[in-house]
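In what follows, a single structure is set out as structure tokens and then discussed.
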Ligand SMILES: Nc1ncnc2c1ncn2[C@@H]1O[C@H](COP(=O)(O)OP(=O)(O)OP(=O)(O)O)[C@@H](O)[C@H]1O
Ligand SMILES: [Mg+2]
């Protein structure tokens, strides 16, 4: 079973009286435990593609199957549950909850969803440990460096034990050295867990850490 | 919800304004409520204290003791009514009393009652020339064994003890025998003098619904009430209560508006945060529950501060100086009303919470 299958996906945003085609005839298959780099210029539709793959946006037309689950026609409520259980996001802007500590930012995922309590707290501790943040669990985002914040965001994306993790420019705010470190971390976390991932980036050097690269220009994909 | 509570703890400054305003509103609400209860209490105590199942006035008296007359013949007719076990005469005269040790112009307003059936708390019918006094008269300097001089005739009344919660028209009551009352009334209000055996009203003891049977049996020469009915029929009580309840209603409405505006503002500020929470699989219901939790906690804190403040105020204000009656029941009612206002107020932000798009979290750039 493939981690993700996009078939002829189209996304149109209404803008005033006209429309913007952000994604057109997009077809893409992501295998089990595969890390895919999605590269393209600004405005090419990368974030749109991730949002559709992760059930944040619905496609205007086409088929979206994630881990065998066809979410193309899901209602908002179904998509919410799907996001809760199946996918992890690392957003283009880090978007941690500013008044929660690193550990609490991970724990939020449990609070919003299954509410398992203690086991979730243990998972959060273990994840932060793996991400090299054992000493930072009680820090607020404002007390963390950019790289540390990015790692907290990665931890948050892994909290719900997802089948698919979507990274939207995870290194854009980091310098080259730190970016490489974070990518290394992402790769090892994904491979160790057998999770598939899409990593959106502008930076060709990042693609080295991925198994395969797909280009996107003006909403159209090309290998 | 835990995130909501953590935000309250980590960023109390954000909620300070709302908490302060809600505290002031809660104090106002509880204070006004206490004032209403105190006013009602001080104008109904004497009637509430009556030990019976019915209070009988004469026709057209409009539930006013001062306008009512019960002649012996009418009394006999009432006593014959089915279910009446015993009827006792009741009468009152309102006078200024000279209190020993106070200046000659410094009169205490008193309501001297003559009664046959002792009201609740009054042990017996005291001997001629003596009376039990309501405790509120202590704030006028009245003490045990003191002799007050009542009215222009300076009729002497010696105080033989104290009773509580028996005020009449906001005045402290004196409870005396019918003879004492009739004599003082005649001496000070010659125009209102009443003959032997004539009273203003009757307190009737009998079965539960005896009040409803008396008026038909006397061909409408009487105007009868249950004790509770008589309390509500006291002239002015109902309108006093209505006026106050309207003021309290407006106060609650203001609380609702304050909460609605404040949390609408907070919701707007948090659109981005809510977008992230939704993208992470948070349901609108969960997010809204957090908002309500915060409103409820802010309201509870405000109510707790207000409740303590009002209790302190009640202790500090000398008893009897203003008719303030702070009860835990009144505080509890105020808290419940404020909480309801808070929850309804949050409702105005529900649509905005529902409309937050998870896609806003993944937005381009910032
Ligand atoms: N909510 C929206 N409403 C209207 N147009 C939108 C919306 N979101 C995106 N677009 C448009 O769709 C196209 C693709 O946007 P998208 O955000 O997917 O690009 P991107 O590749 O992620 O860009 P960047 O590298 O700058 O993040 C752009 O032309 C953009 O202006
Ligand atoms: Mg983007």
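The values are calculated or read from the model by the stated rules, or taken from the named source; none is laboratory data. No experiment lies behind these values; they were computed from the predicted model shown. Here the Cβ positions follow ideal geometry from the backbone for every residue, glycine too, while neighbour counts run over all protein chains shown.
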Query raised in the report: Can you pull out the residues in the stretch A:19-61 that are surrounded by fewer than 18 Cβ atoms within 10 Å (Cβ to Cβ) and near ligand 1 (Cβ under 10 Å from one of its atoms)?
Result: A:19, A:20, A:21, A:41, A:42, A:43
Requested in this report: Could you identify the single residue in B:315, B:332, B:341 that is buried (at least 16 other Cβ atoms within 10 Å of the Cβ), more than 16 Å from ligand 1 (Cβ to nearest atom), in the same structural domain as residue B:21 (by TED's automatic domain parsing) and part of a helix (DSSP H, G or I)?
Outcome: B:341
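For residues that are within 12 Å of ligand 1 (Cβ to nearest atom) and surrounded by 15 or more Cβ atoms within 10 Å (Cβ to Cβ), scanning just the stretch A:208-219, find the one that is modelled with the lowest pLDDT.
To start, the set of residues in the stretch A:208-219 that are within 12 Å of ligand 1 (Cβ to nearest atom) comprises A:215-219.
Narrowing the set further to residues that are surrounded by 15 or more Cβ atoms within 10 Å (Cβ to Cβ) leaves A:216, A:219.
On the way: A:216: 94, A:219: 88.
Top of the filtered list is A:219.
Which ones in the stretch A:108-138 are within 14 Å of chain B (Cβ to nearest Cβ) and loosely packed, with under 14 Cβ neighbours inside 10 Å? It would help to see each step written out before you state the result.
Pass one, the stretch A:108-138, residues within 14 Å of chain B (Cβ to nearest Cβ): A:108-118, A:120-121, A:124, A:138.
Of everything in the stretch A:108-138, those that are within 14 Å of chain B (Cβ to nearest Cβ) and loosely packed, with under 14 Cβ neighbours inside 10 Å turn out to be A:115, A:116, A:117, A:118, A:138.
How do the helices (runs of 4 or more DSSP H) wholly within the stretch B:209-296 filter down when requiring 3 or more residues that are within 14 Å of chain A (Cβ to nearest Cβ): which remain?
On the way: elements: B:211-217, B:227-233, B:237-269, B:271-279.
Filter on the stretch B:209-296 gives B:271-279.
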Requested in this report: Please find, within the stretch A:186-206, the residue that is nearest to residue A:130 (Cα to Cα) out of those that are part of a helix (DSSP H, G or I) and modelled with pLDDT under 90.
Outcome: A:206
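Please go through the stretch A:153-176 and pick out each residue that is assigned to a helix (DSSP H, G or I), under 13 Å from the mean Cα position of the chain (by Cα) and more than 13 Å from chain B (Cβ to nearest Cβ).
Taking the stretch A:153-176 as the starting set, the residues that turn out to be assigned to a helix (DSSP H, G or I) are A:153-158, A:176.
Keeping just the survivors that are under 13 Å from the mean Cα position of the chain (by Cα) gives A:153-158.
Result: A:154, single match.
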Query raised in the report: Does the stretch B:350-360 contain any residue that is within 16 Å of ligand 1 (Cβ to nearest atom), within 14 Å of chain A (Cβ to nearest Cβ) and in a loop (DSSP other than H, G, I, E, B)?
Result: yes
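Do you know which residues across the stretch A:9-18 are buried (at least 19 other Cβ atoms within 10 Å of the Cβ) and within 16 Å of ligand 2 (Cβ to nearest atom)?
The answer is A:11, and nothing else.
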Requested in this report: State the number of residues belonging to the stretch A:37-65 that are under 18 Å from residue A:3 (Cβ atoms), part of a strand (DSSP E or B) and within 16 Å of ligand 2 (Cβ to nearest atom).
Outcome: 2
